Amino acid sequence: MLIKAKKSILVLLGEKFEEIELVIPVSVWRYARQTVIIASCTDSLSVRGVNGVTVSADEYLRDAEVSSDILFLPGGDGHETLRKNSLVLEKIRAYAEKKKLIAAICAAPLLLLDCGLLEGRHHTAYPCRELPLADQSVPVVLDDGILTGRDPGAVFAFSLELLKAIAASQEDDEVQAHMKELVRSMGLKELWRQMGNEI
């Protein structure tokens, strides 16, 4: 199903990423006919997840332009390595400077913390001492261009919230109707209602 407001999403992928937090969002967004580009933050285009699933990236991070509309950071045990990667932090800051939507789930909001992007913003994340202000009462938060998801259990709500933001950027009744049709076709009507939306 096509959402008329088509955007491009750049995914930054490092070793030991959480597979659920990558595969489900990418599948949902591609199902909605969004362009998703996976960039490897390693020295290989084959990137291994925390549970041993290997994903083939489309390109290397070093070759990725800041031309995509949205930046997405899945979580996982590899976030500590990514926090030490100056090119990763540079890309995140570049997207922020251009006022582009940045999405991070589970442990990945720690990278946003390192870039100074969580200060003054309502956010959620996997519980940790470094993010004491993360709101654990909600699965997903969108605040001033930063979308955060709490944990793997929030992955469908997180994926839909990003699509909702894309659709909202096109204030068009037909686009909104396409979004509802997408939710129905994916069997996610109840979740959509729980997120405070009409179906």
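Write out, first by first residue and then by second, each pair whose Cβ atoms fall under 8 Å of each other, whose residues are 6+ apart or on separate chains, and whose first residue, in region 179-195, is farther than 17 Å from residue 25 by Cα while the second is among the acidic types (Asp, Glu) and surrounded by 15 or more Cβ atoms within 10 Å (Cβ to Cβ).
Within 8 Å, no pair qualifies.
Go through 108, 125, 168, 104 for me and flag whichever is within 25 Å of residue 192 (Cβ to Cβ), among the small types (Gly, Ala, Ser) and at pLDDT below 95.
Result of the check over 108, 125, 168, 104: 168.
Scan the strands (runs of 3 or more DSSP E) fully inside region 1-51 and keep the ones with 2 or more residues being touching a residue at least 24 places away in the same chain (Cβ under 8 Å) and among the aliphatic types (A, V, I, L, M).
Per the criteria, 8-13, 35-40.
So which residues in region 80-91 are free of Cβ contacts under 8 Å to residues at least 60 places away in the same chain and assigned to a helix (DSSP H, G or I), if there are any at all?
Listed by number, the residues that qualify are 80, 83, 86, 87, 89, 90.
Just name the residue that is modelled with the highest pLDDT out of those in region 52-69 that are surrounded by fewer than 13 Cβ atoms within 10 Å (Cβ to Cβ) and in a loop (DSSP other than H, G, I, E, B).
52
Anything in region 1-23 that is closer than 18 Å to residue 186 by Cα and surrounded by 17 or more Cβ atoms within 10 Å (Cβ to Cβ)? List them, or say none.
The answer is 3, 20, 21, 22.
Evaluate the following for residue 44: is it hydroxyl-bearing (Ser, Thr, Tyr) and surrounded by fewer than 20 Cβ atoms within 10 Å (Cβ to Cβ)?
Yes: the conditions hold for residue 44.
Can you run down the residue pairs with Cβ atoms below 9 Å, 6 or more apart or on separate chains, where the first is in region 55-79 and within 23 Å of residue 98 (Cβ to Cβ) and touching a residue at least 60 places away in the same chain (Cβ under 8 Å) and the partner is surrounded by fewer than 15 Cβ atoms within 10 Å (Cβ to Cβ) and among the β-branched types (Val, Ile, Thr)?
Cβ pairs passing all conditions: 68/35; 69/35.
The values are calculated or read from the model by the stated rules, or taken from the named source; none is laboratory data. None of the values given here were measured: they were computed from a predicted structure. Cβ atoms come from the backbone with ideal geometry, glycine included; neighbour counts cover every protein chain shown.
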